1. For the range 57-78, what are the residues that are in contact (Cβ under 8 Å) with a residue 40 or more places away in the chain and over 26 Å from residue 111 (Cα atoms)?
2. From the residues in the range 74-83 that are in contact with a strand residue (DSSP E or B) (Cβ under 9 Å, 6 or more places away or on another chain) and modelled with pLDDT under 95, which one is surrounded by the fewest Cβ atoms within 10 Å (Cβ to Cβ)?
3. Given the conditions (1) surrounded by 22 or more Cβ atoms within 10 Å (Cβ to Cβ); (2) at pLDDT 95 or above, and given that residue 10 satisfies all but one, which numbered condition is not satisfied?
4. How many residues does the range 97-126 hold that are surrounded by 11 or more Cβ atoms within 10 Å (Cβ to Cβ) and either part of a loop (DSSP other than H, G, I, E, B) or modelled with pLDDT of 90 or more (or both)?
5. Could you say which residue among 42, 94, 86 is more than 19 Å from residue 109 (Cβ to Cβ), surrounded by 14 or more Cβ atoms within 10 Å (Cβ to Cβ) and at pLDDT 95 or above?
């Protein structure tokens, strides 16, 4: 199983989950083997992106699951069409998020869309 997490910087497991998926320059790509986390930081190969570019890039890396905080509906649609599972509302240290996911104890903010920075024109969208 390969998991992608958008990061605020390139510190890997010591980084924090980026609050805005589409603004992340770095992703921690984790592989879970026998409950053990192995992975690396990957920088996006492009400065600017069009809708679908990041999902296609992560798909090319073999990602099965995306753990993110804020993720727009358009990106979620791309991931769903690609068969990549998306979990939103994940925040905090990348290591803690991954360990919580692996142990089945990950707590997510189910109301992340209600935050002001994710609202547009009266609808919850990023």
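1. First pass over the range 57-78, keeping only residues in contact (Cβ under 8 Å) with a residue 40 or more places away in the chain: 58, 61-73, 75.
61, 62 - these are the residues of the range 57-78 that are in contact (Cβ under 8 Å) with a residue 40 or more places away in the chain and over 26 Å from residue 111 (Cα atoms).
2. 76
3. Of the numbered conditions (1) surrounded by 22 or more Cβ atoms within 10 Å (Cβ to Cβ); (2) at pLDDT 95 or above, the odd one out for residue 10 is (1).
4. Within the range 97-126, the first condition is being surrounded by 11 or more Cβ atoms within 10 Å (Cβ to Cβ), and the residues that meet it are 97-102, 106-109, 112-113, 115, 118-119, 124-126.
Adding the requirement that they be either part of a loop (DSSP other than H, G, I, E, B) or modelled with pLDDT of 90 or more (or both) leaves 97-102, 106-109, 115, 125-126.
Qualifying residue count, the range 97-126: 13.
5. Working: 94 fails: more than 19 Å from residue 109 (Cβ to Cβ); 86 fails: more than 19 Å from residue 109 (Cβ to Cβ).
When all the criteria are applied, what remains is 42.
Every residue, every condition in (1) assigned to a helix (DSSP H, G or I); (2) touching a residue at least 24 places away in the same chain (Cβ under 8 Å); (3) in contact with a strand residue (DSSP E or B) (Cβ under 7 Å, 6 or more places away or on another chain), yes or no:
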residue: 22; (1), (2), (3): yes, yes, no
residue: 28; (1), (2), (3): no, yes, yes
residue: 39; (1), (2), (3): no, yes, yes
residue: 48; (1), (2), (3): no, no, no
residue: 55; (1), (2), (3): yes, yes, no
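The values are calculated or read from the model by the stated rules, or taken from the named source; none is laboratory data. Values in this document were obtained by computation on a predicted structure and should not be read as measured data. With ideal geometry, Cβ positions are generated from the backbone for all residues, glycine too; neighbour counts draw on all protein chains shown.
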